[in-house]
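The values are calculated or read from the model by the stated rules, or taken from the named source; none is laboratory data. All figures in this text were calculated on a predicted structure; none of them were measured in a lab. Here the Cβ is made from the backbone with ideal geometry for all residues, glycine too, and neighbour counts use every protein chain on show. Surface accessibility is based on the protein's heavy atoms, side chains included, excluding ligands, DNA and RNA. Shrake-Rupley method; radii C 1.70, N 1.55, O 1.52, S 1.80 Å.
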Amino acid sequence: MDANQSELRPQAVSGKLRLRAVVTFLLVLIFVPCVLSPLTHAATPITFDEKQRLWVLQSGEATYAFGVNERGELQHLYWGKRIRAQDLTSAHSLPEWASFDLSTTTTPQEYPGWGAGLYVEPALKATFANGNRDVVLYYVDQKLEANHLEITLKDEISALFVHLHYRVYPDSGILERSAQIENRTSEEVTLESAQSASWTLPGDGSYRLHYLTGRWAGEWQLQTETLQIGKRVIESRRGSTGNDANPWFAIDETDKTDETHGPVWFGELGWSGSWRFTIERTPSDQYRVTGGFNPFDFGYRLSPGESVETPPFYAGFTDGGLGEASRILHRYQLEQILPGSPHPRIRPVLYNSWEATEFNLDEAGQMALAEKAARLGVERFVVDDGWFGERNNDHAGLGDWYVNSRKFPRGLKPLIDRVHHLGMDFGLWVEPEMVNPGSDLYRRHPDWVMNFPGRPRTEGRNQVVLNLARDDVKEYIFSWLDRLVTENDIGLLKWDYNRNWSEPGWPEAPFADQKKIWVRYVQNLYDIIDRLRSKHPRLEIEGCSGGGARVDLGVLRRVDQVWPSDNTDALDRLTIQYGFTQAYSPHVMMAWVTDVPNGINGRVTPLRFRFLVAMTGSLGVGGNLNKWSDDEIAVASKMISFYKQIRAIVQDGRLVRLVSPMESEFSAMQYVSQDSQQVVVFAFLHSQQFGRSVPLLYLQGLPEDAMYSVSTIDNGSEEHTGKLSGAYLMHHGIQLRLRGDYDATAMKLDRVQ
Ligand code: DGJ
């Protein structure tokens with residue numbers, strides 16, 4: 001298109017009622033043939049119909065389609081239950097709605113630039129050197145290789161290009177999208193919003209949005225609300241993923257969907273920095289979710305020839321309810337995201353001394369705990385905060401990563417050797433991105449923290465944030481971590497991150513690049529971890545951020561497990577873990593058994609209850625073993641040995657959330673092994689009122705005629721209780737004998753025929 005043509009942009013035919021008529025016509029074109037012809041699962045995950053300029057992506061249960069319309073825009077066509085590629089037809093723009101909603105805004109674009117009368121959320125917004133702020137993207141070409149499709153768009157006038165990447169994971173049902181924005185003009189272009197994707201939902205439903213919110217010690221709270229007209233924003237402006245919301249969403253149809261049935265569109269972002277999802281319902285009932293870098297305070301200058309890549313945004317569709325949406329995500333994380341995928345290593349049972357000792361640790365004390373932990377059957381012993389510098393409380397030490405010689409006069413080696421001798425591997429806590437102003441590092445390099453010159457530096461937990469966007473800071477952090485791991489036989493680093501950003505200045509960078517800190521910091525963080533892991537292939541990492549404030553698919557590519565919350569109270573954990581597993585696999589969900597009264601809320605729960613709650617994820621122990629009685633030690637050993645029998649099912653199996661802890665005084669979950677031969681069921685009575693008996697528990701998804709040998713676990717001892725059929729377990733249900741407050745049980749079912 002040349003400049004003259006662009007002065008008057010072509011608009012589709014106008015007419016108030018025509019919008020609905022055309023939508024209906026398109027829906028008929030899409031749906032009628034699919035009713036008539038039976039579905040066959042296409043072997044090719046991505047097909048391109050050159051004549052119709054139409055792409056159809058088939059993934060799991062879902063079909064996703066878009067095409068080039070008569071104006072040259074990339075227009076979304078369909079996302080939902082699987083249909084045949086040949087049943088879809090080419091894209092045609094939708095008409096305007098009177099003179100106020102132009103066709104550019106009524107037509108759902110795959111990746112809309114802000115220009116030409118676009119009033120919905122743009123995927124891209126830019127300012128050019130000549131003052132132009134109008135971006136209108138048209139299709140240029142495509143590259144299709146098996147499961148990967150690259151579509152190139154270009155601004156109608158300038159040489160600003162966008163490369164849209166689509167990756168289909170046909171078995172898991174996940175579709176991955178990202179965008180690379182490339183400046184091929186001869187001048188600078190500054191991006192003010194660069195989103196990964198815009199996902200359009202079918203228009204006609206009444207939708208509910210599910211999302212996760214939280215705060216320290218209260219993470220992973222599942223929220224549900226009906227989507228109203230307007231824009232609903234969930235985001236982090238904190239510099240990292242944050243826990244006031246997590247970059248995950250699920251949208252389902254009111255009255256049609258529950259845990260086990262009905263349509264769900266869901267997605268999550270692979271980015272550990274500030275992010276935003278805009279979930280939009282227009283007054284014409286168009287629904288879309290746009291997500292990527294948070295545009296707040298965003299400014300990314302692209303010099304001529306420079307490009308930037310947005311984070312990957314993963315999404316899927318299922319007709320199997322919210323439970324199936326979670327299982328698709330869990331499987332995808334195990335097979336594609338986690339280090340070691342498609343077979344990430346089963347998580348060892350760990351002991352962590354933080355709640356037992358806090359900063360008050362030394363070699364003798366750690367050795368004594370290690371002896372006891374080994375006797376319980378623990379496989380990994382982790383020394384937490386306090387082993388380095390002058391770290392006797394949270395006022396000092398961060399930045400000075402040498403072993404504290406008063407606490408460990410012989411260095412860490414004797415302790416590590418002892419831990420190994422006891423048959424465990426060794427883990428160590430670090431918080432590489434932070435510095436206490438009371439440290440040698442800060443005294444040497446006060447300019448290494450993010451700051452605005454001449455303005456105060458806000459402290460959180462007495463610490464400030466190193467500016468990892470600086471390459472010298474990045475290299476420094478890499479080099480001391482590399483040295484630490486080279487000099488000590490460390491199996492796991494617990495990588496903590498205990499505050500959010502403030503004064504996010506990068507004064508050393510050219511003025512126009514200073515806001516790149518939002519992106520560069522995270523890229524450099526990833527670079528440090530990637531290099532460390534590639535140099536030390538046996539090293540594992542636990543991601544932690546004062547609990548669960550940095551969990552997303554970006555960090556999960558680089559860490560083997562995460563710490564969901566500092567709240568280890570077993571009752572609270574049921575809700576926290578229920579929310580966590582909506583979005584992330586139990587494989588990565590560390591859960592410790594700690595002491596009572598619980599430090600967060602003073603609640604006292606029985607050891608069996610605490611163990612069984614922790615065994616629904618990756619088990620750890622965090623109590624002060626010096627204070628555990630012989631009886632408690634005996635119960636703990638049996639529980640740990642039982643957990644080792646079932647952990648592959650819990651960590652890598654299919655999780656069915658049978659009864660939500662948010663809905664009643666009773667909750668339960670079921671895990672089915674990958675080969676469907678074994679099932680584990682956990683049930684929890686939180687607090688019994690009026691002597692009410694626990695409702696019958698109905699299992700789900702078992703073959704009707706399969707027979708299972710059932711064992712019940714009581715205080716760790718396994719008791720065989722007979723054989724039951726799949727049909728009985730699902731339709732008759734099991735009567736559990738739980739009583740009083742904080743009672744719990746677990747059952748193991750082995751298929752015998
Ligand atoms: C916050 C973490 O979540 C805790 O587990 C512990 O490691 C402390 N930091 C140590 O400072």
Review point. Could we say that S93 is open to solvent by less than 20 Å² (accessible area, probe 1.4 Å), over 20 Å from A62 (Cβ atoms), of a type outside the set (V, I, T) and not in a strand (DSSP E or B) here?
Key: yes
Review point. How about region 647-753: which strands (runs of 3 or more DSSP E) wholly inside it have at least 3 residues that are open to solvent by 20 Å² or more (accessible area, probe 1.4 Å)?
Key: 654-659, 707-714, 717-725, 741-751
Review point. Taking interchain pairs and intrachain pairs at least six residues apart, which have beta carbon atoms under 7 angstrom, with the first residue in region 167-183 and on the phi > 0 side of the Ramachandran plot and the second not in a strand (DSSP E or B)?
Key: G173/G60; G173/E61; G173/I328
**Study point:** Failed criterion for V233 (all others in (1) of a type in the set (A, V, I, L, M); (2) in contact (Cβ under 8 Å) with a residue 24 or more places away in the chain; (3) closer than 20 Å to R71 by Cα hold)
**Key:** (3)
Practice item. Could you tell me which numbered condition W518 fails, if it satisfies all but one of (1) open to solvent by 10 Å² or more (accessible area, probe 1.4 Å); (2) among the hydrophobic types (A, V, I, L, M, F, W, C); (3) within 16 Å of the ligand (Cβ to nearest atom)? Key: (3)
Practice item. Under 7 Å between Cβ atoms, at least 6 apart or on separate chains: pull out the pairs that start in region 309-327 with a residue that is open to solvent by less than 20 Å² (accessible area, probe 1.4 Å) and end on any residue that is of a type in the set (K, R) and modelled with pLDDT of 95 or more. Key: F313/R177; G323/R657
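Only one of these is touching a strand residue (DSSP E or B) at 6+ places or on another chain (Cβ under 8 Å) and at negative phi: Y728, Y671, Y742. Name it. Reasoning before the result, please.
Values: Y728 fails: touching a strand residue (DSSP E or B) at 6+ places or on another chain (Cβ under 8 Å); Y742 fails: at negative phi.
That would be Y671, the only listed residue that is touching a strand residue (DSSP E or B) at 6+ places or on another chain (Cβ under 8 Å) and at negative phi.
Does at least one position in region 342-358 carry a residue that is free of Cβ contacts under 8 Å to residues at least 60 places away in the same chain, more than 16 Å from the ligand (Cβ to nearest atom), farther than 30 Å from P597 by Cβ and open to solvent by 30 Å² or more (accessible area, probe 1.4 Å)?
Here is the first cut: in region 342-358, the residues free of Cβ contacts under 8 Å to residues at least 60 places away in the same chain are 342-343, 358.
Checking the rest, the ones that are also more than 16 Å from the ligand (Cβ to nearest atom) come to 342-343.
Add one more test, that the residue is farther than 30 Å from P597 by Cβ, and what stays is 342-343.
Within this subset, residues satisfying the condition of being open to solvent by 30 Å² or more (accessible area, probe 1.4 Å) are 342-343.
Yes, region 342-358 has at least one match.
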Review point. What do you reckon, is A197 over 30 Å from T152 (Cβ atoms) and either among the small types (G, A, S) or out of contact with any helix residue (DSSP H, G or I) (no Cβ under 8 Å at 6 or more places or on another chain) (or both)?
Key: no
Practice item. Restricting attention to region 551-567, report how many residues are touching a helix residue (DSSP H, G or I) at 6+ places or on another chain (Cβ under 7 Å) and within 14 Å of the ligand (Cβ to nearest atom). Key: 5
Revision key, fill the gap. Across (1) closer than 26 Å to A179 by Cα; (2) open to solvent by 10 Å² or more (accessible area, probe 1.4 Å); (3) of a type outside the set (A, V, I, L, M), N246 clears everything bar (2)
**Study point:** Looking only at region 436-468, and only at residues there that are among the basic types (K, R) and either in a loop (DSSP other than H, G, I, E, B) or open to solvent by less than 20 Å² (accessible area, probe 1.4 Å) (or both), the one that is nearest to N404 (Cα to Cα)
**Key:** R461
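Considering region 534-576 alone, what residues qualify as being of a type in the set (S, T, Y) and assigned to a loop (DSSP other than H, G, I, E, B)? Break it down into steps so the answer makes sense when it comes.
Going residue by residue through region 534-576, those that are of a type in the set (S, T, Y) are 534, 545, 565, 568, 575.
Scanning region 534-576 gives S565, T568.
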Exercise for review: Answer yes if at least one residue in region 608-619 is surrounded by fewer than 16 Cβ atoms within 10 Å (Cβ to Cβ), hydrophobic (A, V, I, L, M, F, W, C) and under 20 Å from K372 (Cβ atoms), and no otherwise.
Suggested key: no
Study note, to complete from the structure: Flagged pairs (Cβ under 6 angstrom, 6 or more apart or on separate chains; first in region 424-441, under 16 Å from G239 (Cα atoms); second within 16 Å of the ligand (Cβ to nearest atom) and part of a strand (DSSP E or B)) are M434/Q463
Revision key, fill the gap. Restricted to region 534-547 and to residues being within 16 Å of G491 (Cβ to Cβ) and surrounded by fewer than 21 Cβ atoms within 10 Å (Cβ to Cβ), the residue nearest to the ligand (Cβ to nearest atom) is L539
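Answer with yes or no whether V473 is surrounded by 19 or more Cβ atoms within 10 Å (Cβ to Cβ), more than 16 Å from the ligand (Cβ to nearest atom), closer than 28 Å to W518 by Cβ and without any contact (Cβ under 8 Å) to a residue 24 or more places away in the chain. Outline the logic, then answer.
Working: surrounded by 19 or more Cβ atoms within 10 Å (Cβ to Cβ): yes; more than 16 Å from the ligand (Cβ to nearest atom): yes; closer than 28 Å to W518 by Cβ: yes; without any contact (Cβ under 8 Å) to a residue 24 or more places away in the chain: no.
Criteria not met by V473.
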Practice item. Would you tally the residues in region 427-445 being more than 16 Å from the ligand (Cβ to nearest atom) and closer than 17 Å to R538 by Cα? Key: 0
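Test of understanding: among F388, F452, F381, which residue is away from the ligand (no atom under 16 Å from the Cβ), of a type in the set (F, W, Y) and touching a residue at least 12 places away in the same chain (Cβ under 8 Å)? Walk me through how you get there before you give the answer.
Details: F388 fails: away from the ligand (no atom under 16 Å from the Cβ); F381 fails: away from the ligand (no atom under 16 Å from the Cβ).
From the options F388, F452, F381, the qualifying one is F452.
Filter region 568-595 for residues that are away from the ligand (no atom under 16 Å from the Cβ) and either of a type outside the set (A, V, I, L, M, F, W, C) or touching a Gly at 6+ places or on another chain (Cβ under 7 Å) (or both) and give the result.
T575, Y578, G579, T581, Q582, Y584, S585, P586, H587
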Exercise for review: Give the residue, chosen from G620, G579, G599, that is in a strand (DSSP E or B) and at pLDDT 95 or above.
Suggested key: G620
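Could you tell me which of the residues R531, R573, R550 is open to solvent by 10 Å² or more (accessible area, probe 1.4 Å) and either free of Cβ contacts under 8 Å to residues at least 12 places away in the same chain or more than 16 Å from the chain's Cα centre (by Cα) (or both)?
Values: R573 fails: open to solvent by 10 Å² or more (accessible area, probe 1.4 Å); R550 fails: either free of Cβ contacts under 8 Å to residues at least 12 places away in the same chain or more than 16 Å from the chain's Cα centre (by Cα) (or both).
Result: R531 is the single residue among R531, R573, R550 that is open to solvent by 10 Å² or more (accessible area, probe 1.4 Å) and either free of Cβ contacts under 8 Å to residues at least 12 places away in the same chain or more than 16 Å from the chain's Cα centre (by Cα) (or both).
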Revision key, fill the gap. Scanning region 126-180 for residues that are under 24 Å from V264 (Cβ atoms) and of a type in the set (D, E, K, R), the one least open to solvent (accessible area, probe 1.4 Å) turns out to be R177
